[in-house]
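The values are calculated or read from the model by the stated rules, or taken from the named source; none is laboratory data. This structure is a prediction, so every number in the text was calculated from the model and none was measured. Note that we place each Cβ from the backbone using ideal geometry, even for glycine, and neighbour counts take in every protein chain shown.
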Amino acid sequence: MSTVTKASTTRAGTRRLLSLWEGVVQDQALLQKLIALHEDYRLIDRSTFYWYARGLKGPAKPSNPLEELAEIVIETVRPEALAGVEYWTNTLETGESMHMHQDKDEKLYWSRKELAHPLYSTVFYPGQVPFEGGEIAVAANRVQPGPNQLIAFRGSLPHGVGKVRSGARHSIALNLWDRTPSAYKAFEV
């Protein structure tokens, strides 16, 4: 397995399979809100995906901290097309891992067995309590996440998470789509 270094400012995936940025959220108040989101009862269900409709022509009006983060991700990754951002939070506790999988339009897949992937899958790691393990594997790359880090890769790439050996690994997934996926929920403020 190879290790990934910090990305340049080029679009994610145009020159690399996997891109990594550090110190992504500069606003410390926003970063603290993102850290606190893992205690939010609305985000506990791992099967709930939220949608932020937003094209490439200028920023929309974010209605919550996750949509503010989506604006930062869009500016950082700079996708070539955009219909919006699908987002959710994830926590893996000691002993948990996540199998290798591809991000996809879940409802389309389960209803018609059709595969449609986001343009880019991204994972943001807010500042958090220390944990061991939990590295993300994307294709032949492994990355140990750190605080205030963003990882982006082509949405069709298989990826998973190694076993968390101690602590709790918090992450926020934000998938950049060029079309609206079938199943999502509006985030209620």
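Which count do you get for residues in the stretch 77-113 that are closer than 20 Å to T180 by Cβ, outside any loop (DSSP other than H, G, I, E, B), over 14 Å from the mean Cα position of the chain (by Cα) and not aliphatic (A, V, I, L, M)?
So the answer is 6.
Please work out which residue is modelled with the lowest pLDDT, limiting yourself to the stretch 114-134 and to residues that are surrounded by 15 or more Cβ atoms within 10 Å (Cβ to Cβ), over 14 Å from the mean Cα position of the chain (by Cα) and in a loop (DSSP other than H, G, I, E, B).
Of everything passing the filter in the stretch 114-134, Q128 is modelled with the lowest pLDDT.
Scanning the stretch 23-37 for residues that are among the aliphatic types (A, V, I, L, M) and not in a helix (DSSP H, G or I), which turns out surrounded by the most Cβ atoms within 10 Å (Cβ to Cβ)?
V25
Specify the residue that is surrounded by the most Cβ atoms within 10 Å (Cβ to Cβ); the eligible residues are those in the stretch 136-157 that are over 22 Å from I72 (Cα atoms) and more than 14 Å from the chain's Cα centre (by Cα).
N141
Kindly evaluate A70 against the criterion of being buried (at least 18 other Cβ atoms within 10 Å of the Cβ), among the small types (G, A, S) and either within 21 Å of D178 (Cβ to Cβ) or modelled with pLDDT under 80 (or both).
yes
Is there a residue in the stretch 164-174 that is surrounded by fewer than 14 Cβ atoms within 10 Å (Cβ to Cβ), touching a His at 6+ places or on another chain (Cβ under 7 Å) and part of a strand (DSSP E or B)?
no
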